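Undergrad: Right, I'll just put the structure down here and ask away after.
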Amino acid sequence: MQNNISSANTYLNAPCERCGGKKRVARTWKEKIPTLTGTITIVEYSQIVCRNKICQEEFEKKQVEETEKRQAIKVKKDENTALRKAKSLLEANKARKTKSNSIKL
């Protein structure tokens, strides 16, 4: 059984949020995605862009900036997680040493 999901027309009929101009489909592609039941679902993707080139360039520039910002946040989070784990391990080792020293006394 195959399902076909497509709703690009919904977005095409809506005006651009930034400039109010019309949108167009830049490219369309399909992917086959397996489901847990063993069937294949065909998903059709459409890249919808603004017809105003200046508006679209500004959107793409802002999207790149947001992607870089998210990546920087992820790197910082990974660093903080590594520091937290290292500190936790250090504290656990100190507690073990203290406990073993108090048992010997």
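Undergrad: So for the pair GLU66, SER88, with labels modelled 7 Å out along Cα→Cβ, what separation do we get in nm?
TA: 3.2
Undergrad: If r is the Cβ-Cβ distance from THR81 to GLN47 and R0 is 30 Å, what FRET efficiency results, to the nearest 0.05?
TA: Numbers: r = 34 Å, r/R0 = 1.14.
Efficiency, from the Cβ-Cβ distance: 0.30.
Undergrad: How much net charge surrounds THR41 when only other residues with a Cβ under 13 Å from its Cβ are counted (Lys, Arg +1; Asp, Glu -1)?
TA: Residues near THR41 contribute 0 overall.
Undergrad: Also, I was wondering about something else. Positive end of the charge dipole of the chain (Lys, Arg +1 and Asp, Glu -1 on Cβ, about the Cα centre): tell me which of ALA72, GLN47, LEU90 has its Cα farthest that way.
TA: It is LEU90, whose Cα lies furthest towards the positive end.
Undergrad: Suppose only helical runs count, i.e. DSSP H with n ≥ 4. What mean residue ellipticity at 222 nm does that imply for the chain under -39500 (n - 2.57) per run, divided by all residues and rounded to the nearest 500 deg cm²/dmol? Walk me through the intermediate numbers first.
TA: Details: 2 runs with 58 residues, N = 105.
Theoretical 222 nm ellipticity from helices: -20000 deg cm²/dmol.
Undergrad: Right, another one. With a sphere of radius 11 Å drawn around the Cβ of ARG51, what net charge do the other residues whose Cβ falls strictly inside it have (Lys, Arg +1; Asp, Glu -1)?
TA: Every neighbour counted, the sum reads +4.
Undergrad: Turning to a different aspect of this structure: Which length gain, in nm to one decimal place, applies between TRP29 and ILE54 when the Cα-Cα distance is subtracted from 0.36 nm times their residue separation?
TA: 6.5 nm is the gain from fully extending TRP29 to ILE54.
Undergrad: Another one. How much length would be gained if the chain were fully extended between TYR11 and ALA95, taking 0.36 nm per residue of separation minus their Cα-Cα distance, in nm to one decimal? Working shown, then result.
TA: Details: separation 84, 0.36 × 84 = 30.24 nm, distance 5.90 nm.
Going from the current span to full extension adds 24.3 nm.
Undergrad: Okay, moving on. Taking K and R as +1 and D and E as -1, what net charge do the other residues with C-beta under 14 Å from the C-beta of ALA14 add up to?
TA: Neighbour charge sum, excluding ALA14 itself: +4.
Undergrad: Moving to a separate point now. If you fit an axis through the alpha-carbon atoms of helix 53-104 and take the longest principal axis of the Cα set of the chain, what angle between them do you get, 0 to 90°, nearest 10?
TA: 20
Undergrad: Once volume of the Cα convex hull per residue in Å³ is worked out from the coordinates, which option in (i) 193; (ii) 102; (iii) 169 does it equal?
TA: Computed from the coordinates, volume of the Cα convex hull per residue in Å³ corresponds to (iii).
Undergrad: Which of ALA92, ALA14, ALA26 ends up with the largest GNM mean-square fluctuation for the chain, with Cα atoms connected below 10 Å?
TA: ALA92
Read-outs throughout are calculated quantities, based only on the coordinates presented, and are distinct from any laboratory measurement. If you're wondering where the values come from, they're calculated on a predicted model, not measured in any experiment. Neighbour counts run over all protein chains shown; Cβ positions are idealised from the backbone, glycine included.
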